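The structure under discussion appears below in the form of structure tokens.
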Amino acid sequence: MKEINEFREFLQTHQAAYEAWGHYVSDEINSELRDALGKGKAALFVKIPPSPRVKTIESALGKISRKGYDDPLVQMTDLVGIRFVVLLSEDMLVVNKIIEESDKWNALISKDYLLEIEVNPKIFDYQSRHYEVRPKNNFNLGNESITTDMCCEVQVRTLLQHAYAELVHDSVYKPSGDVPKSAERHIARSMALMETTDDLFCKTMGILAETSKERNDLFAFLLKYYKETVGEQYLQYDLNVNYAVLDEFKDFVNDSTPSSIYQFMDKKKYIPARIISRVNYNPLFSQPCITFVYWLACEIDSGMILERWPLPGNIGGLELVLSDLGKSASR
């Protein structure tokens with residue numbers, strides 16, 4: 001691989017394989033995110049859809065000239081690359097864990113901005129986490145042969161870090177001309193501001209998460225319970241709808257609420273069938289909170305629940321619940 005022409009020929013014949021490997025890595029990470037977060041949340045978690053990018057032959061050969069590689073197949077780790085952009089630095093930990101714990105590949109950290117900060121705490125510079133990902137074993141993807149020496153570079157960064165990188169990558173780190181010291185100073189100040197902003201956002205989200213913990217724990221229970229008693233195939237839920245109901249009636253919620261719902265549903269064994277019969281024409285019955293609504297409608301006065309009902313566009317769903325329980329739907 002030391003000869004340029006030999007390397008060029010290698011790239012010409014292996015670009016499709018590198019692209020296939022990049023898609024494989026991207027798909028595996030996305031699949032693990034869906035398993036960890038749920039399909040809906042995972043779709044919002046990654047802010048820019050990752051799209052594997054295969055290095056062009058011209059770019060690869062140019063990099064050899066700039067870097068002076070004598071074995072580019074080993075030294076050039078970004079012949080295919082993927083970038084995962086998340087909202088906050090704490091979200092990076094979720095993607096990092098998936099990459100590092102996968103049994104499909106070997107992952108080596110090639111750039112760790114947190115370690116760089118420890119070494120140079122006074123420097124505010126380009127931030128990202130990079131992995132060199134190589135398959136553990138040779139295997140075939142369709143018509144392409146994937147070998148253990150093929151590297152996919154996976155970058156994980158926040159939206160703020162991505163904005164910074166997009167702005168300065170070509171103009172400062174790979175400039176076509178001189179970069180004035182004043183420009184470097186402004187760039188460093190901007191990174192300091194972004195780092196501070198991320199820290200404030202993370203702390204804010206932590207405060208909000210603690211405040212909403214009881215609500216979120218109840219929703220997690222209701223989601224699991226719906227899957228067990230009604231069926232996951234009937235779920236088509238909107239978090240905002242569920243949170244609206246749970247927030248409005250939070251004064252009726254305590255540590256014993258899940259067990260109370262269990263007991264209630266055990267007595268009203270007909271309810272799951274009623275829910276299933278309505279999922280196709282009333283979206284309330286596709287929401288995990290529906291069992292909570294049934295329980296609540298049994299616990300409190302019909303007039304109160306109607307008066308406080310937070311979904312004015314779906315009074316009909318609540319009226320069906322009350323009817324199932326033999327209760328009046330009049331205010």
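If you filter region 320-331 down to residues that are within 22 Å of Asp266 (Cα to Cα) and charged (D, E, K, R), you find that the one that is surrounded by the most Cβ atoms within 10 Å (Cβ to Cβ) is Asp324. The single residue among Lys55, Lys39 that is out of contact with any helix residue (DSSP H, G or I) (no Cβ under 7 Å at 6 or more places or on another chain) and modelled with pLDDT under 90 turns out to be Lys39. Counting the residues of region 310-327 that are without any contact (Cβ under 8 Å) to a residue 60 or more places away in the chain and assigned to a loop (DSSP other than H, G, I, E, B) gives 3. For region 250-272, the count of residues that are under 24 Å from the mean Cα position of the chain (by Cα), open to solvent by less than 40 Å² (accessible area, probe 1.4 Å) and on the phi < 0 side of the Ramachandran plot is zero. The set of residues from region 24-37 being touching a residue at least 60 places away in the same chain (Cβ under 8 Å) and not hydrophobic (A, V, I, L, M, F, W, C) comprises Tyr24, Glu28, Glu32. When residues in region 241-262 are screened for being part of a loop (DSSP other than H, G, I, E, B), closer than 23 Å to Glu228 by Cα and either small (Gly, Ala, Ser) or touching a helix residue (DSSP H, G or I) at 6+ places or on another chain (Cβ under 8 Å) (or both), 2 of them pass. Here are some conditions: (1) under 20 Å from Asp217 (Cα atoms); (2) open to solvent by 70 Å² or more (accessible area, probe 1.4 Å). Tyr281 meets all but one. Which one does it not meet? Tyr281 satisfies all of (1) under 20 Å from Asp217 (Cα atoms); (2) open to solvent by 70 Å² or more (accessible area, probe 1.4 Å) except (1). Contact annotation: residue pairs with Cβ atoms under 8 Å, 6 or more positions apart or on different chains, pairing a residue in region 140-162 that is farther than 30 Å from Met191 by Cβ with a partner that is assigned to a loop (DSSP other than H, G, I, E, B), are Ser145/Asn138; Ile146/Asn138; Thr147/Asn138; Thr148/Lys136; Thr148/Asn137; Thr148/Asn138; Met150/Leu79.
Could you say whether any residue in region 259-282 is basic (Lys, Arg), touching an Asp or Glu at 6+ places or on another chain (Cβ under 9 Å) and farther than 27 Å from Leu37 by Cα? Yes, some residue in region 259-282 is basic (Lys, Arg), touching an Asp or Glu at 6+ places or on another chain (Cβ under 9 Å) and farther than 27 Å from Leu37 by Cα.
Applying the criterion of being touching a residue at least 12 places away in the same chain (Cβ under 8 Å) and polar (S, T, N, Q) to the residues of region 68-93, the residue that is surrounded by the most Cβ atoms within 10 Å (Cβ to Cβ) is Ser89.
Checked against the criterion of being out of contact with any strand residue (DSSP E or B) (no Cβ under 6 Å at 6 or more places or on another chain), under 27 Å from Gly38 (Cα atoms) and free of Cβ contacts under 8 Å to residues at least 40 places away in the same chain, the candidates Asp238, Asp217, Asp301 yield just one match: Asp217. Here Gln236 fulfils each of the conditions (1) part of a helix (DSSP H, G or I); (2) open to solvent by 30 Å² or more (accessible area, probe 1.4 Å); (3) not small (Gly, Ala, Ser) apart from (1).
Quick check: is even one residue across region 296-310 more than 16 Å from Phe249 (Cα to Cα) and either crowded, with 20+ Cβ neighbours inside 10 Å or touching a helix residue (DSSP H, G or I) at 6+ places or on another chain (Cβ under 8 Å) (or both)? No, region 296-310 has no match at all. Taking the criterion of being open to solvent by 60 Å² or more (accessible area, probe 1.4 Å), over 27 Å from Gln236 (Cα atoms), assigned to a helix (DSSP H, G or I) and of a type in the set (D, E, K, R), would at least one residue in region 40-50 satisfy it? No: zero hits.
The values are calculated or read from the model by the stated rules, or taken from the named source; none is laboratory data. Because the structure is predicted, anything quoted here is derived from the model rather than measured. So basically every Cβ, Gly included, is an ideal-geometry build from the backbone, and we count neighbours across all protein chains shown. Side chains are part of the model used for accessible areas, which takes the heavy atoms of the whole protein and leaves out ligands, DNA and RNA. Shrake-Rupley method; radii C 1.70, N 1.55, O 1.52, S 1.80 Å.
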